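Novice: Supplied in structure tokens, the structure appears directly below.
The values are calculated or read from the model by the stated rules, or taken from the named source; none is laboratory data. For clarity, every value in this text was computed on a predicted model and none was experimentally measured. Cβ placement follows ideal geometry from the backbone for every residue including glycine, while neighbour counts extend to all protein chains displayed. Note: areas computed on protein heavy atoms with side chains; ligands, DNA, RNA excluded. Shrake-Rupley method; radii C 1.70, N 1.55, O 1.52, S 1.80 Å.
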Amino acid sequence: MSIRHQRIWVGIDVGKGHHWATGVDADGETVFSTKVINDEGQILQLIETAKKRAEQVRWAVDISGRPSALLLALLVAHGQAVVYIPGKTVNRMSSAYCGEGKTDAKDARVIADLARMRRDFRPLELSIELQYGLRMLVGHRADLIADRVRLINRMREALLGICPALERAFDYSKRPGLILLSGYQRPEAIRRMGVKRLTTWLARRAIREAERHAQAAFEAASAQQIVLPGESVAAALVRDLAHRILDVDAQLKAAERDITSLFRSDERSEIIESMPGIGPILGAEFLAIVGDMSGYENSGQLAAHAGLAPVPRDSGRRTGNYHRPKNYSRRLRHVFYMSSITAMRMTGPSQVYYRKKRADGHLHIQAVLSLARRRVDVLWAMLRDKRCFTAEAPEVATA
């Protein structure tokens with residue numbers, strides 16, 4: 001008959017097809033260690049097994065993304081407490097355990113021990129529909145942007161084999177140049193069209209300042225009379241890539257509409273968007289990372305998660321030596337950094353604060369990061385008090 005413990009900690013090494021779960025008791029002894037298929041039935045069986053072995057069960061995972069979606073949804077639905085332990089922390093701690101090899105069982109044991117010994121890991125209190133929906137949409141948008149950059153680079157490289165002057169004439173991250181290349185890629189064809197007919201052709205495709213763009217294309221084409229080797233093949237490739245980039249642009253617009261719609265379905269969206277520099281896209285990324293913010297006791301913890309709170313590196317007689325932490329969310333830091341870049345260009349307290357830091361001798365990046373840290377405090381207070389942003393400080397109530 002198995003012993004029923006007062007409390008156990010279950011560490012789960014998350015995988016796509018299966019997970020490995022290891023439970024340890026208060027003394028660090030292994031209670032069970034088992035492979036669990038990423039299937040609802042087996043995960044529910046794991047939950048029941050753990051609940052039978054202890055009065056209280058604490059769960060810990062090393063991945064809070066899509067591979068763990070089913071696992072976390074079932075744990076939250078059954079009222080189980082779950083904490084997230086970063087993979088880097090698990091990897092560093094693995095070297096302190098016997099054996100040099102890496103196995104799922106060893107990683108699960110490390111995760112369980114870390115959850116048992118430390119109480120500072122962020123709990124996962126998930127709003128499943130909103131947070132996972134935003135995560136998927138934000139991730140999809142990031143993939144589309146990466147695809148777009150890759151396609152543009154390939155197109156520009158192919159265009160160099162046709163007409164270097166035409167490659168320099170346009171910013172192909174914008175629509176006019178892409179529309180032009182979707183129809184005309186060779187200098188001879190552009191010269192044959194002429195400025196007037198090319199202007200009409202671009203205007204029919206809703207290109208603003210069509211005459212200016214047509215003139216730029218014609219001048220670039222007129223600068224080269226020679227036909228380069230492989231021009232016909234390169235032209236077909238450029239045309240295909242231009243159409244694909246335009247298709248990606250349409251998908252990006254649709255993804256951003258979906259992100260905005262889902263983000264604004266949350267009651268906090270109005271508060272977040274009221275802060276200068278944060279729109280629906282950055283706001284959606286913020287909620288996708290922090291969820292319901294129950295894992296942050298104060299604004300300092302949120303700043304630490306974003307890598308905006310320095311940590312000490314003291315040794316011997318050296319004290320007060322602070323540096324940027326190594327373990328933080330790059331995406332969350334990006335949200336606050338980009339919103340600060342936008343806000344400092346707008347008339348208001350963010351611009352005043354940035355200019356003050358620059359006047360004090362801070363470099364540009366130092367001033368922006370200082371502003372980002374300040375904005376963490378402001379956003380935290382806004383969400384805590386359920387108050388939209390105002391340029392004036394709120395009045396302090398007096399007795």
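Novice: Do any GluC sites (Glu not before Pro) in segment 24-73 lie in a DSSP loop with no more than 14 other beta carbon atoms within 10 Å, and if so, which?
Specialist: Details: sites: Glu29, Glu40, Glu48, Glu55; in loops: Glu29.
In loop regions of segment 24-73 (DSSP not H, G, I, E or B), the sparsely surrounded GluC sites (Glu not before Pro) are Glu29.
Novice: I need the trypsin sites (Lys or Arg not before Pro) found in segment 327-394, filtered to DSSP loop residues with at most 13 other beta carbons within 10 Å of theirs. Working shown, then result.
Specialist: Working: sites: Arg330, Arg331, Arg333, Arg345, Arg355, Lys356, Lys357, Arg358, Arg373, Arg374, Arg375, Arg384, Lys386, Arg387; in loops: Arg345, Lys386, Arg387.
Sparse-neighbourhood loop trypsin sites (Lys or Arg not before Pro): Arg345, Lys386, Arg387.
Novice: Once each part is reduced to its C-alpha centroid, what is the distance from segment 1-60 to segment 329-399 in angstrom?
Specialist: Segment 1-60 and segment 329-399 have Cα centres separated by 43 Å.
Novice: Roughly how many debye, to the nearest 20, is the charge dipole of segment 1-145 about its Cα centre, given +1 on each Lys and Arg Cβ, -1 on each Asp and Glu Cβ, and no other charges? Intermediate values should be presented prior to the final figure.
Specialist: On the way: 20 positive and 17 negative charges, 42 e Å.
Dipole magnitude for segment 1-145 comes out near 200 debye.
Novice: Ala54's amide H: which non-local residues (gap 5+, or another chain) put their own amide H closer than 5 Å, with H modeled 1.01 Å from N in plane and none for Pro or chain starts?
Specialist: The answer is His5.
Novice: Tell me, what is the per residue accessible area of segment 1-82 in Å², probe radius 1.4 Å? Let's see the in-between values first.
Specialist: Details: 4040 Å² over 82 residues.
That works out to 49 Å² per residue.
Novice: Let me ask another. I need to check one value: relative contact order of the chain, counting alpha carbon pairs closer than 8 Å and at least 6 residues apart, in percent. Please list the in-between numbers first.
Specialist: Details: 561 pairs, mean separation 50.4, N = 399.
Across the chain, relative contact order equals 13 percent.
Novice: Taking +1 at the Cβ of each Lys and Arg and -1 at the Cβ of each Asp and Glu, which of Ala214, Ile272, Ile179 sits farthest along the dipole of segment 147-277 towards its positive end, judged by Cα position relative to the Cα centre?
Specialist: Of Ala214, Ile272, Ile179, it is Ala214.
Novice: For segment 175-228, which GluC sites (Glu not before Pro) are in a loop by DSSP, counting at most 14 other Cβ atoms within 10 Å? Show your work: numbers first, answer last.
Specialist: Working: sites: Glu188, Glu209, Glu211, Glu219; in loops: Glu209.
Passing both the DSSP loop test and the Cβ count: Glu209.
Novice: Starting from the amide H of Gly307, placed 1.01 Å from N in the peptide plane, find each other amide H under 5 Å away whose residue is 5 or more places distant or on another chain.
Specialist: Correct list: Ser329.
Novice: Let me ask something else about it. Shape of segment 1-105 from its Cα gyration tensor (a ≥ b ≥ c, root eigenvalues): rounded if a/c is under 1.5, otherwise prolate when a/b > b/c, or oblate?
Specialist: Values: a/c = 1.62, a/b = 1.09, b/c = 1.48.
Since a/c reaches 1.5 but b/c is at least a/b, the shape of segment 1-105 is classed as oblate.
Novice: With θ set to phi - 60° and the Karplus curve 6.51 cos²θ - 1.76 cosθ + 1.60, what are the ³J(HN,Hα) couplings of segment 252-264 in order, to the nearest whole Hz, using x for Gly and Pro?
Specialist: Values per residue, Gly and Pro as x: 4, 4, 5, 5, 5, 5, 5, 4, 4, 5, 5, 4, 6 Hz.
Novice: Oh, and also: Hey, what do the phi angles of segment 231-248 turn into as Karplus ³J(HN,Hα) couplings, whole Hz, using 6.51/-1.76/1.60 and θ = phi - 60°, x for Gly and Pro?
Specialist: With coefficients 6.51, -1.76 and 1.60, one gets 4, 5, 5, 5, 5, 5, 5, 4, 4, 5, 5, 4, 5, 5, 5, 5, 5, 5 Hz.
Novice: For segment 1-160, what relative contact order do you get, as a whole percent, if you take Cα pairs closer than 8 Å and at least 6 residues apart? Provide the component values of the computation, followed by the final result.
Specialist: Working: 237 pairs, mean separation 40.3, N = 160.
25 percent.
Novice: At 1.567 mPa s and 4 °C, plugging the Kirkwood radius over alpha-carbon pairs of segment 223-301 into Stokes-Einstein gives what diffusion coefficient in µm²/s?
Specialist: Working: Rh = 16.4 Å.
After rounding, the answer is 79 µm²/s.
Novice: Compute and list, largest first, the equivalent-ellipsoid semi-axes of segment 161-226 from the alpha carbon gyration tensor, each √(5λ) rounded to a whole angstrom. Walk me through the intermediate numbers first.
Specialist: Details: eigenvalues 59, 34, 17 Å².
Here the semi-axes work out to 17, 13, 9 Å.
Novice: If you don't mind, there's one more thing I want to ask. Output wanted: per-residue J couplings in Hz (rounded whole) for segment 36-43, from phi through Karplus 6.51 cos²θ - 1.76 cosθ + 1.60, θ = phi - 60°, x for Gly and Pro.
Specialist: For segment 36-43, the Karplus-derived couplings read 10, 5, 6, 9, 4, x, 5, 5 Hz, x marking Gly and Pro.
Novice: What do you get for Rg/Rh over the chain if you use C-alpha atoms and the Kirkwood form of Rh? Kindly include the intermediate steps, with their values, before the conclusion.
Specialist: Details: Rg = 27.7 Å, Rh = 25.4 Å.
When Rh is taken as the Kirkwood radius, the ratio is 1.09.
Novice: Of all DSSP beta bridges in the chain, what percent run antiparallel (nearest 5)? Walk me through the numbers on the way to the answer.
Specialist: Working: 17 of 28 bridges.
Percentage antiparallel, nearest 5: 60.
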